[in-house]
Amino acid sequence: MFKKNVVRFILIGLTLVLAGYSLYWTIAYHSFSDQKIEAMRTEGSLEKFESRIIRLGLDLQGGMHIVMELDLPKLVETLASNKTPQFTVLLNEAAAEATANEEDFFDVFRRKVSNSNIKLVRHFNGRGFKNDDIMDNLESEAKDAVNRAMEVIRNRVDQFGVSEPSIQKAGKYRIIVELAGIKDIARARELIQNTALLEFILLKDPAVTQQFITAADNYLKTGQHSDLTAEALNAPKDSSVALKESKDKAMSVNELLGVNAGGTDLEAGVADSGLVVDEEIYKDRPFSSLLRNIDNQIGVPERNFYAVKKILSNPEIKQLIPFDSKFLWSAKTERRTMQDGRTENFYILYHVNNEPGLLGKYVTKASASLGGAGTQSSGQPIVNMEMNSEGARIFAKLTGANIGKQLAVVLDDKVWTAPFLKVKIPDGRAYIEGMGDMEEAKDIAIVLRAGALPAPVKTIEERTVGPSLGRDSINTGVRLGAIAFLLVIVFMGIYYKYSGLLADLALILNVVFVLAILSVLQATLTLPGIAGLILTVGMAVDANVLIFERIREEIEKGKTVRAAIDTGYGRAVITIFDANLTTLFSAIILMQFGTGPVKGFAVTLFWGIVSSFFTAIFVTRTFFNWATEKWVVKKLSI
Amino acid sequence: MRLIKKTNIEFVKHYKVFLTISGIYLAISLISIFFVRGLNYGLDFTGGTLLQVKFENPITTAEVRQALAANRLENSNIQKAGESNEFIIRTPLQTSTDSTVVVMTKALESIPNNSFVTNKAESVGPKIGKELRSSAYMSIFWAMVVILIYISFRFQFRFALGAVVALVHDVLFTLGVFSFFQLEISLSTIAAFLTIVGYSLNDTIVIFDRVRENMKTKHLGTVEKLFDISINETLSRTIITGGTTLIVVLVLAFAHGEVKIFSIAMIIGILVGTYSSLYIASPIVIMFQKKLDVRKK
């Protein structure tokens, strides 16, 4: 019998040593100074160390979690050529239906295609002849695009320099990016989300643009459309009355666009949210009065931005835009001083061809530097690009054939610069200007080097936590956890005396073991995880309460201490097993269905219960056995 | 020390009264959930954007609202957070394709002479919201199914039925409270609901286990008597465990944000879980047993 106890003590000792060893790394890591950690990072030994410590979740150390999804309808649209109305309608319907019914887009699209008489071969080149073959081809193209997008994002993140980035695929068309402990969240977001689709697009002839503007003015002005003007602007019918106050008066956005947010916003300073509209001109030319001439380009005062955007997206107005062209906005605003001395920020509106003259995929090198002396961008940050020979050839042809025209450099549908072509550029060198600072130029160079995302990707979920909030959460979590833990320990000690202290030992061991398991599994400790840990303390206490209550009962029945302990454990263990197993099931289901924080909770709960079987039953039993064998216990301290 | 001496309370005697009271309460909860107040789904399930920002200099809610309105975000909900100059801004789903986090950040940056740090940003698209909601319901559903199977296997089907009815009662009860007070339902709340399910079941099983044991060892005439004795024998444990777990979640309720709501759900759940083990789960098994007895005769 005594030997059996020795074996049990050895087993407990061994698990303790193992737990201690796996926790050593975490404890050591947190005792290091920042300098030491930096030193280890440069030395290269940090990574190995970090792989052994308990990871803190984004909610505890700050960081960002982004879920991106491939925009399948958009991908199909980009791949298609010769887009007939029938095709576009079909595509839009499929997209809407897939979203509404939470179905796979391709399944819906396939169904739509087979129900119609459309011949996909008219819209897709080199992807087969039968509709089914083309669909298969598109689907595999999409799957491929996800993998390439992951690769591109990984490249960008690596160049950005983040420790332990996690880039994973989820489902068929999703990518989850997690950057823990990252400080500059805004920069990282830009870097990841940029499609980085670089295009060189020729501007339309200004005369054509002028024709459109006149047509739009006339359309909005003519009597029968005055209702539509109001509709386009979402304004009350008698909006002209509201305008009759002063020239170039700033009118409240709410007034003109009819957005009535409870009226309280009016106190929010009319001037700041107003549109810049000249009343008389507005009546005569409702559209162009919102625009300004900025160096012979179409400038749109920042405050008119939404109004112009809204007009341009009106379906009737869209019909007036020449079919082979579109409007793009400048990436940045330009600051100008007006005649009356006020400064105003302007977006530039560019009217460009639909088809790009050259794609950015030919770019082989990209680097940030300051513009050379004597050039227009002297001393300003710019991004230099070099193209491969094929790109250089196309670029030479493009620039040579269009001297005197403007060529827009477009990144993700935003125009960075649109220089006039003066000479043919034979060597495939080009640059982008207009960056706010060197850092921005560097980031753009990174995305250009890493390559464009192979397909449109949209962010469907984002969660970021600033570092200070994370630190606060840790402090509160740990403090409250410690208080709760202490209260339970004290209560058990008082209520069950020495046996209670034994239960306390089991509780402490339980927490140690759970943390050790987390570090071995490289699981992540989140705030809900801490909550789960504390909850397991409650559950582990239950096991000992069950046992102790049962032992008390048996003693009352007149059994000897030894016999009471034996029966107590024997009976209670069955109950504990049944009761905890069901909680274990809940934890497993939570791990399966849960995401992020919930998963963290489930993981600690799961291991907490598992380890409590060992600590609350095995460990306490061992001590009871040992004590009753060593001394003749007449009265149990329980 | 001993809080609970040997007791002999007749728990089961008035079970019809308790079942009726619970039934009425649940009916009110259901009406509130489906017809009157509904449930206050958080960002996780509705989609939308939340930004928690802290400004350097003092600023009023009106000023923040103005900056947002100027960027067409006038339907934002602005809430002052614990500390001064700290705000939680919630914006419903936007139709624009631009990242709402970016648009909001730009809007706040336009506030002159004041800088801010973003402590938290959450943005959930409509699709994800829908998915999270269905996966939350699925997890609760599957938890119930698995429990039903396990208890049928370990005990008997009528015990499983009693346990699951008690669980449905607990979840509906807590949901009812969330509906009355319009507390926010987030992912953490769902985790709390599942923990409540686990906890309440713990309680129920401890009693059932004792019933099963007493069934074999003692011969106590009626089913009511069997349950009464078993509940009384385990009462001490029920109260001690409930008490210690309650201490833990009461302390946690002092936290902020998600953990706080989680703790509130748990406090409700522990109380109602203990109640349902005594007054819902047990009576249902008894009723079932009686029907069986009648049929046998």
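Might you check whether a residue that is closer than 30 Å to residue B:117 by Cβ and of a type in the set (Ser, Thr, Tyr) occurs anywhere in the range B:26-48?
Yes, some residue in the range B:26-48 is closer than 30 Å to residue B:117 by Cβ and of a type in the set (Ser, Thr, Tyr).
Working only within the range A:547-579, note down all residues that are surrounded by 24 or more Cβ atoms within 10 Å (Cβ to Cβ) and within 46 Å of the chain's Cα centre (by Cα).
Of everything in the range A:547-579, those that are surrounded by 24 or more Cβ atoms within 10 Å (Cβ to Cβ) and within 46 Å of the chain's Cα centre (by Cα) turn out to be A:575, A:576, A:579.
From the set of residues in the range A:453-472 that are more than 7 Å from every other protein chain (Cβ to nearest Cβ) and surrounded by 21 or more Cβ atoms within 10 Å (Cβ to Cβ), which is nearest to residue B:93 (Cα to Cα)? It would help to see each step written out before you state the result.
Taking the range A:453-472 as the starting set, the residues that turn out to be more than 7 Å from every other protein chain (Cβ to nearest Cβ) are A:453-458, A:467, A:470-472.
Cutting the leftovers down to surrounded by 21 or more Cβ atoms within 10 Å (Cβ to Cβ) gives us A:453-455, A:457, A:470.
On the way: A:453: 25, A:454: 27, A:455: 24, A:457: 18, A:470: 26 Å.
Only one residue tops the list, namely A:457.
Quick one: residue A:475 ticks every box in (1) more than 23 Å from residue A:71 (Cα to Cα); (2) at the interface with another protein chain (Cβ under 9 Å from one of its Cβ atoms); (3) not β-branched (Val, Ile, Thr) bar one, so which box is it?
In the conditions (1) more than 23 Å from residue A:71 (Cα to Cα); (2) at the interface with another protein chain (Cβ under 9 Å from one of its Cβ atoms); (3) not β-branched (Val, Ile, Thr), residue A:475 misses (2) alone.
Of all the residues that make up the range A:585-614, how many are surrounded by fewer than 18 Cβ atoms within 10 Å (Cβ to Cβ) and under 37 Å from the mean Cα position of the chain (by Cα)?
Total satisfying the criteria: 4.
Out of (1) modelled with pLDDT of 85 or more; (2) over 27 Å from residue A:470 (Cα atoms), the odd one out for residue B:127 is which?
(1)
Take residue B:53 and tell me if it is over 26 Å from the mean Cα position of the chain (by Cα), without any contact (Cβ under 8 Å) to a residue 12 or more places away in the chain and either under 25 Å from residue A:310 (Cα atoms) or surrounded by 20 or more Cβ atoms within 10 Å (Cβ to Cβ) (or both).
Considered against the rule, which asks whether it is over 26 Å from the mean Cα position of the chain (by Cα), without any contact (Cβ under 8 Å) to a residue 12 or more places away in the chain and either under 25 Å from residue A:310 (Cα atoms) or surrounded by 20 or more Cβ atoms within 10 Å (Cβ to Cβ) (or both), residue B:53 comes out as no.
Only one residue in A:504, A:437 is in contact (Cβ under 8 Å) with a residue 12 or more places away in the chain and surrounded by fewer than 17 Cβ atoms within 10 Å (Cβ to Cβ). Which one? Step through it out loud before you land on a result.
On the way: A:504 fails: surrounded by fewer than 17 Cβ atoms within 10 Å (Cβ to Cβ).
The match here is A:437.
Given the structure, is residue B:239 in the same structural domain as residue B:287 (by TED's automatic domain parsing), among the β-branched types (Val, Ile, Thr) and touching a Gly at 6+ places or on another chain (Cβ under 9 Å)?
No.
Counting only residues that are more than 24 Å from residue B:99 (Cβ to Cβ), hydroxyl-bearing (Ser, Thr, Tyr) and surrounded by 18 or more Cβ atoms within 10 Å (Cβ to Cβ), how many does the range B:9-50 have?
The initial filter retains those residues of the range B:9-50 that are more than 24 Å from residue B:99 (Cβ to Cβ), namely B:9-40.
Imposing the further condition that a residue be hydroxyl-bearing (Ser, Thr, Tyr) reduces the set to B:15, B:20, B:22, B:25, B:29, B:32.
Subset that is surrounded by 18 or more Cβ atoms within 10 Å (Cβ to Cβ): B:15, B:22, B:29, B:32.
Total meeting the criteria: 4.
Can you pull out the residues in the range B:245-257 that are facing chain A (nearest Cβ under 7 Å) and crowded, with 23+ Cβ neighbours inside 10 Å?
Correct list: B:245, B:248, B:252.
Which of the residues that make up the range B:185-201 are within 19 Å of residue B:44 (Cα to Cα), more than 9 Å from the chain's Cα centre (by Cα) and more than 7 Å from every other protein chain (Cβ to nearest Cβ)?
Across the range B:185-201, the qualifying residue is only B:186.
Quick one: in the range A:481-492, of everything that is within 9 Å of chain B (Cβ to nearest Cβ) and free of Cβ contacts under 8 Å to residues at least 24 places away in the same chain, which residue is farthest from residue B:256 (Cα to Cα)?
A:491
Just need a number here: residues in the range A:512-529 that are in a helix (DSSP H, G or I) and under 13 Å from residue A:478 (Cα atoms).
Matching residues across the range A:512-529 total 3.
Scan the range B:239-261 and give yes if some residue there is farther than 30 Å from residue A:530 by Cα and out of contact with any strand residue (DSSP E or B) (no Cβ under 9 Å at 6 or more places or on another chain), otherwise no.
Looking through the range B:239-261, none of the residues is farther than 30 Å from residue A:530 by Cα and out of contact with any strand residue (DSSP E or B) (no Cβ under 9 Å at 6 or more places or on another chain).
Regarding residue B:211, is this residue facing chain A (nearest Cβ under 7 Å) and farther than 18 Å from residue A:537 by Cβ?
Against the criterion (facing chain A (nearest Cβ under 7 Å) and farther than 18 Å from residue A:537 by Cβ), residue B:211 does not qualify.
Within the range B:139-161, can you find the residues that are more than 7 Å from chain A (Cβ to nearest Cβ) and touching a residue at least 24 places away in the same chain (Cβ under 8 Å)?
Listed by number, the residues that qualify are B:140, B:144, B:151, B:155, B:158, B:159, B:161.
Which of the residues belonging to the range B:258-282 are surrounded by 24 or more Cβ atoms within 10 Å (Cβ to Cβ), of a type outside the set (A, V, I, L, M) and more than 10 Å from every other protein chain (Cβ to nearest Cβ)?
Listed by number, the residues that qualify are B:269, B:273, B:276, B:277, B:282.
Quick one: count up the residues across the range B:98-128 that are more than 16 Å from residue A:66 (Cα to Cα) and free of Cβ contacts under 8 Å to residues at least 24 places away in the same chain.
2
Go through B:179, B:188 for me and flag whichever is closer than 24 Å to residue A:67 by Cα, polar (S, T, N, Q) and touching a residue at least 12 places away in the same chain (Cβ under 8 Å).
B:188
Failed condition for residue A:103, given (1) in a helix (DSSP H, G or I); (2) closer than 29 Å to residue B:129 by Cβ, with all others met?
The one condition residue A:103 does not meet is (1).
Do you know which of the residues in the range B:99-116 that are in a loop (DSSP other than H, G, I, E, B) and of a type outside the set (A, V, I, L, M, F, W, C) is surrounded by the most Cβ atoms within 10 Å (Cβ to Cβ)?
If we take residues in the range B:99-116 being in a loop (DSSP other than H, G, I, E, B) and of a type outside the set (A, V, I, L, M, F, W, C), then B:99 is surrounded by the most Cβ atoms within 10 Å (Cβ to Cβ).
Would you say residue B:123 is within 23 Å of residue B:175 (Cβ to Cβ), surrounded by 20 or more Cβ atoms within 10 Å (Cβ to Cβ) and at the interface with another protein chain (Cβ under 7 Å from one of its Cβ atoms)?
So residue B:123 fails the test.
Give the number of residues within the range A:101-159 that are closer than 18 Å to residue A:454 by Cβ and among the basic types (Lys, Arg).
Going through the range A:101-159 one residue at a time, the tally reaches 5.
The values are calculated or read from the model by the stated rules, or taken from the named source; none is laboratory data. Model, not experiment: these values are computed from the prediction. Counting neighbours? That spans all protein chains shown, and the Cβs are built from the backbone with ideal geometry, glycine included.
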